[in-house]
Amino acid sequence: MSNPIVTFLEGRKQKPLKEGKKSAADIESDYSTLVWVANAAQRAAQLSLVSHLAKFSHPDARATPVLFAGEYKADGFLRSGNAYAGQDVVGNAAALDVYAFLSLSLEDGNTVLQHFEAQTAQLKGLLGTDEDTFQAWRQSFLQIKNNAEGNKTHPNVKQVYFPVEDSYHLLSVLYPSGLMTEHRERLRNMKFSGATKLAREARRKGEFHAQGFADMAGMLTQHFGGTKPQNISKLNSNNGGEAWLLPCFPPELDSRYLRLPKTDFFKTLYSKDKDLQELLAGLHKLFAIEHYTNVAMREQRKRLMAQVFEWVLERAMRLQLQPAAWSTAQGFELPLAQQLWLDAAFLDQRATHVTWQEDIAEAVIAWFIPTYNRSRSKNDAVTLGVTEVTAFQNELVAYFHQHKDYLQ
């Protein structure tokens, strides 16, 4: 059975062997298990495992290393305990090889550090040392998780005053580098994975792709550590000193959609809207395929229809934000269901009209079919038979009824 610790040290000694600054015999001695691990144990105190770091606020912030492990709870909150996040390490960058050793996975999937904590016979056998030496090493390596400095903050740490009852509580903002690294990796997979590349290529060629791809626009790259990201933390070094921030600006409402409908909301929907045209074009590609009823294409069609529905809801929301009773002004004759949906003055009357959501869902369907037909030229039209139209309408009704709670 191979020894992963010996394999790790074999890899570490290749660089000094190539450099030739010391004799091969000396290097072999330095990287023997007993000698190297003993040296690493002495240097372990130069590092600290952390989850939330002060150095991201300022490189000179010397605050207490915080190592927090939250418990998962199904409370719906976005917090450390409810999201996967690896641990980070700070300290002397020259001692990061110690962290690499402690992070090494053994045969059972647990790390060397976890085996030191559990004092396993497996690790003792791989190290090949006696009990007293093992316990001394264990005590030294576990210092990486201990805080010997006491709790302290630093003037360079960003702080905010949080209102609590009639006073304020001063909070020091610490950066959760593990969460931000996981966040960055998920965005990287979303934008640059092999599957995404294939989906983008299919879109470029105008071909169908069952999975499709998602994208995130307006991201901002934040840099930490300058030319020496390792001086901030290990994860920051792994990320090249970069973190990705998502935009959190409020939506900008386009004034051309704020024209108040006098008789029918759906007659005011701008059918030449670029986003809507792209959705209709995507549906048309599915309809134009001879065997568009297979499972993958039906799922793609449902996703596109969900986006069409959201497009309609966004336009409705812009009317819901208008001053209450706007639909009762002179010259306005909206159907009652649309008044209940779009005018805040009718909010309390919804409970007495139990079918208004179904009426709106049917109106969306009645609007969609001719809108799709008008979006295609005569030479590019796909004629749907009565049977197909009926089946399609039934599918839409089922979808809207399933999501009727969004008609708020």
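The values are calculated or read from the model by the stated rules, or taken from the named source; none is laboratory data. Here the structure is a predicted model, which means the values were calculated and not measured. Ideal geometry is used to build each Cβ from the backbone, glycine not excepted, and the neighbour counts take in all protein chains shown. Areas reflect the complete protein model, heavy atoms only, side chains present, ligands, DNA and RNA absent. Shrake-Rupley method; radii C 1.70, N 1.55, O 1.52, S 1.80 Å.
A 25 angstrom limit on the alpha carbon distance is what I want to check against. Which of Lys15/Lys197; Lys73/Lys234; Lys73/Lys124; Lys145/Lys234; Lys191/Lys302 exceed it?
Working: Lys15/Lys197 36 Å; Lys73/Lys234 29 Å; Lys73/Lys124 36 Å; Lys145/Lys234 15 Å; Lys191/Lys302 23 Å.
Result: Lys15/Lys197; Lys73/Lys234; Lys73/Lys124 exceed 25 Å.
Measure off 7 Å from each Cα along the Cα-to-Cβ vector at Ser271 and His223, then give the distance between these two points in nanometres to one decimal.
The two pseudo-label positions are separated by 5.1 nm.
Please report the projected area of the stretch 135-221's Cα convex hull averaged over all directions, in nm².
Values: hull surface 50.5 nm².
So the mean shadow area of the Cα hull is 12.6 nm².
Which value, in Å², gives the accessible area per residue of the chain when a 1.4 Å probe is used on the protein heavy atoms? It would help to have the intermediate numbers written out before the result.
Numbers: 24350 Å² over 408 residues.
Roughly 60 Å² per residue, with all protein chains present.
If the cut-off is a Cα-Cα distance under 18 Å, which lysines reach Lys274, setting aside same-chain residues fewer than 8 apart in sequence?
The qualifying lysines are Lys285.
With the Cα gyration tensor of the stretch 1-155 in hand, convert its eigenvalues to equivalent ellipsoid semi-axes via √(5λ) and list them largest first in whole Å. Kindly include the intermediate steps, with their values, before the conclusion.
On the way: eigenvalues 194, 82, 45 Å².
They are 31, 20, 15 Å, listed from largest to smallest.
Given springs between every Cα pair under 10 Å in a Gaussian network model of the chain, which of Asp60, Asp132, Asp75 has the largest fluctuation?
Asp75
About the Cα centre, and with charges only on the beta carbon of Lys, Arg (+1) and Asp, Glu (-1), how big is the dipole of the chain? Nearest 20 debye, please. List each step's numbers first, then the result.
On the way: 45 positive and 45 negative charges, 268 e Å.
Dipole of the chain, to the nearest 20 debye: 1280 debye.
Counting alpha carbon pairs within less than 8 Å and at least 6 residues apart, what relative contact order, in whole percent, applies to the chain? Can you show the working numbers first?
Numbers: 431 pairs, mean separation 50.8, N = 408.
Relative contact order for the chain comes out at 12 percent.
Along the charge dipole of the chain, which of Pro59, Leu313, Ala361 sits closest to the positive end, that is, farthest toward it, with unit charges on the beta carbon of Lys, Arg, Asp and Glu (+1, +1, -1, -1)?
Pro59
Just checking my list [x] 21, 49, 27, 3, 0; [y] 23, 40, 28, 9, 0; [z] 18, 36, 28, 16, 1 against P(r) over Cα pairs in 20 Å bins from 0, in percent computed from this structure; which label fits?
So the calculated entry is the one marked [z].
For Arg204, Arg315, give me the order by solvent-accessible area with a 1.4 Å probe, most accessible first, ignoring ligands, DNA and RNA. Intermediate values should be presented prior to the final figure.
Working: Arg204 165, Arg315 10 Å².
Heavy-atom accessible area, descending, gives Arg204, Arg315.
Helix-derived [θ] at 222 nm for the chain: sum -39500 (n - 2.57) over DSSP H runs of at least 4, divide by residue count, nearest 500? Can you show the working numbers first?
Values: 16 runs with 182 residues, N = 408.
Calculated at 222 nm, the ellipticity per residue is -13500 deg cm²/dmol.
Give the cross-link partners of Lys22 among the lysines, using a straight C-alpha distance below 18 Å as the criterion and excluding same-chain residues fewer than 8 apart.
Cross-link targets: Lys13.
Cα to Cα, under 20 Å, and not fewer than 8 places away if on the same chain: which aspartates and glutamates meet these conditions relative to Lys152?
Correct list for Lys152: Asp60, Asp88.
If you roll a 1.4 angstrom probe over the protein chains with everything in place, what fraction of the accessible area of the chain belongs to carbon and sulfur, to the nearest %?
Summing carbon and sulfur atoms, their accessible area is 53 percent of the total for the chain.
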